Amino acid sequence: AAGSNPNHSGLLAARARAEMALGNVRLGTQLARMLLTDDPNNVDAVELLVDAGIRSDDVALFDEAIELTRAKSAGDPNMTAAGTQIVARALLSRNSTFLARGLELLEMERRRNPSNEPLLILQTEVLIAMGRAQEAIQQLEAYCATPEGAESVEAQVTLVDLYRITGDMERAEEKLRIAEQLGPDNMTVVHARCLWLIAQQRTDELAGISAAYLSAKGTTPGTLAAAASVLAAVDSTAVKREGLKLFEQALSLSPGSLGIRLGLATTAYQTGDHEQAKRLYRDMLEQYPFNARILNDLAWILQESEGDYSTSLELANRGLKRFPEDPHLLDTRGTILAKIPGRLPEAKEDFAKLTSLAEENTRSKAKALLQLGRVCSQLNESDQARQHLEAALRIDGQASVLTPGERDEIGSLMQPGK
């Protein structure tokens, strides 16, 4: 389309994004520069250069975008917005060089707009990502000492989060009380208290937290789902049920959201409602017959809760036919095959592949090695089993990634005669 109408900036930008999504960074960059030749203030083109720099780890491209923003932002609010997007992309990259460049750009913008609170909040996020949390706290405390900062719920909540992240729970509580006075029914305040309690493992005090979220102002399906995900991750069935309530409300507001439906199904299973979970996954499978997560989760539930190895294996096979290196599907199929008489060699193949795909010195690698060692032990391949189990223990010795139960199992499997 862009080729038939090369002067259409929207089509040209769309083509540039498509090229970069396909991995054609060089062509995407050329298209972005074509846009800038016609319109030096084209924000889309600046953001495309940033994406190209991050995708190709090219600092020069990133700097080119920053220089364009610096030159134009003083008189163009759209370019100031582009600068914010540059910093946001640097945050997502977690690249220290890009973060440092983004911080420089923010500091310049803040000199022009010293009372701009969103810029200050963004700057604290960058400083945290760079491991400079204390500096972020100092800047935000200085702002909160001003009349504007003292009345800002967002600034106070950000301080709560900063003190929580740095382990100063008493100071976090002080700021939390201030935030609760400023906005007792504010969604971000409710969430800040939730995270503060979770960080201290005070899960008993989370009873009824879903009601506080549901009555808070400013809730959206997305914010409810995000809060539900946090609660569902807590190792407490009671707290997971609080998350389930939030997923249910989020789904009532956004019934077509696949992410929310997946969260609800997973949490339903984790809280023991296997029938609801299966119904939800089957409904989703009708709409998304080749979704890897749906296929994997439903296969896992059927093999674990019903012992239906035939159906679960068919689902896992369907997923792996399209996604042959999906680690979750490999793990699920290996688990299923290990439970079917005569299929241990195939299970070994899946776990061996899973081990080769896993990143070094991670829990995923150690867990895959344990599974491979377990299957080798069942196949009476003692030497191979010991080799894999010892490798898992070496990773655990470096990073402490195994659970006590898994360590005990390895010890048992490595005993003579096993």
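The values are calculated or read from the model by the stated rules, or taken from the named source; none is laboratory data. Worth saying up front: this structure is predicted, and the values here are computed from it rather than measured. Positions of Cβ are generated from backbone atoms using ideal geometry, with glycine treated the same way; all protein chains shown enter the neighbour counts. Surface areas here come from the heavy atoms of the whole protein model, side chains and all, with no ligands, DNA or RNA. Shrake-Rupley method; radii C 1.70, N 1.55, O 1.52, S 1.80 Å.
Between E248 and D283, the simple label model (points 7 Å from Cα in the Cβ direction) yields a spacing of 1.3 nm.
Distance between the pseudo-spin-label points of E390 and N361 (7 Å out from Cα toward the beta carbon): 2.1 nm. Distance between the pseudo-spin-label points of N380 and K339 (7 Å out from Cα toward the beta carbon): 2.6 nm. Between L22 and D273, the FRET efficiency estimated from the beta carbon spacing at R0 = 51 angstrom works out to 0.75. In the full protein context, segment 262-418 carries 50 Å² of accessible surface per residue, based on a 1.4 Å probe and ignoring ligands, DNA and RNA. On full extension, the segment bounded by A60 and Q85 gains 7.3 nm, given 0.36 nm per residue less the C-alpha separation. Computed on the chain, with alpha-carbon pairs under 8 angstrom and 6+ residues apart, the relative contact order is 5 percent.
Using only Cα atoms, locate the centre of segment 301-366 and the centre of segment 100-162, then give the distance between them in Å, rounded to an integer. When both Cα centres are located, 46 Å separates them.
Taking a sphere under 13 Å around the Cβ of Q134 and counting the other residues whose Cβ falls inside, with K and R at +1 and D and E at -1, yields a net charge of -1.
Sequentially through segment 141-158, phi angles give Karplus couplings (6.51, -1.76, 1.60; θ = phi - 60°) of 4, 4, 5, 5, 7, 7, x, 5, x, 5, 9, 8, 5, 4, 5, 5, 5, 4 Hz, Gly and Pro residues having no value and appearing as x.
In order along segment 378-386, phi translates into HN-Hα couplings of 5, 8, 6, 9, 4, 5, 5, 4, 4 Hz, rounded to whole numbers, per the Karplus curve 6.51 cos²θ - 1.76 cosθ + 1.60 with θ = phi - 60° and x for Gly and Pro. Mean-square fluctuations from a GNM of the chain, with a 10 angstrom spring cutoff on Cα atoms, peak among A238, A352, A250 at A352. Proximity of backbone amide H atoms, modeled 1.01 Å from N, is registered between N186 and K217 at under 5 Å, excluding neighbours fewer than 5 places apart on the same chain. Largest mean-square fluctuation among D408, D161, D273, in a Gaussian network model of the chain whose springs join Cα atoms under 10 Å apart, belongs to D408. The apolar share of the surface of the chain, taken as the fraction of accessible area on carbon and sulfur atoms (1.4 Å probe, ligands and nucleic acids excluded), comes to 49 percent. Size descriptors for segment 8-153: radius of gyration and Dmax over Cα atoms are 16.3, 50 Å. Applying a DSSP loop filter and a limit of 16 other Cβ atoms within 10 Å to the trypsin sites (Lys or Arg not before Pro) in segment 103-158 leaves R132. In whole angstrom, segment 247-400 maps to an equivalent ellipsoid with semi-axes of 31, 18, 13, each derived as √(5λ) from the alpha carbon gyration tensor and ordered largest first. Annotation: Cα Rg of segment 75-137 relative to the compact-globule expectation 2.2 N^0.38 Å equals 1.04. A P(r) calculated from all alpha carbon pairs of the chain, with 20 Å bins opening at zero, reads 20, 45, 33, 2 percent. Taking all protein chains together and rolling a 1.4 Å probe, D383 ends up with roughly 130 Å² accessible.
Quick one: net charge of E47's neighbours, Cβ under 10 Å, K/R +1, D/E -1? Net local charge, E47 excluded: 0. Taking all protein chains together and a 1.4 Å probe, the residues Y281, Y143 rank Y143, Y281 from largest to smallest accessible area. Helical content alone sets the calculated 222 nm signal of the chain at -24000 deg cm²/dmol, taking -39,500 (n - 2.57) per DSSP H segment of four or more residues and averaging over every residue. Net charge within 14 Å of K217 by Cβ-Cβ distance, Lys/Arg positive one each and Asp/Glu negative one each, not counting K217 itself? Cβ neighbours under 14 Å give a net charge of -3.
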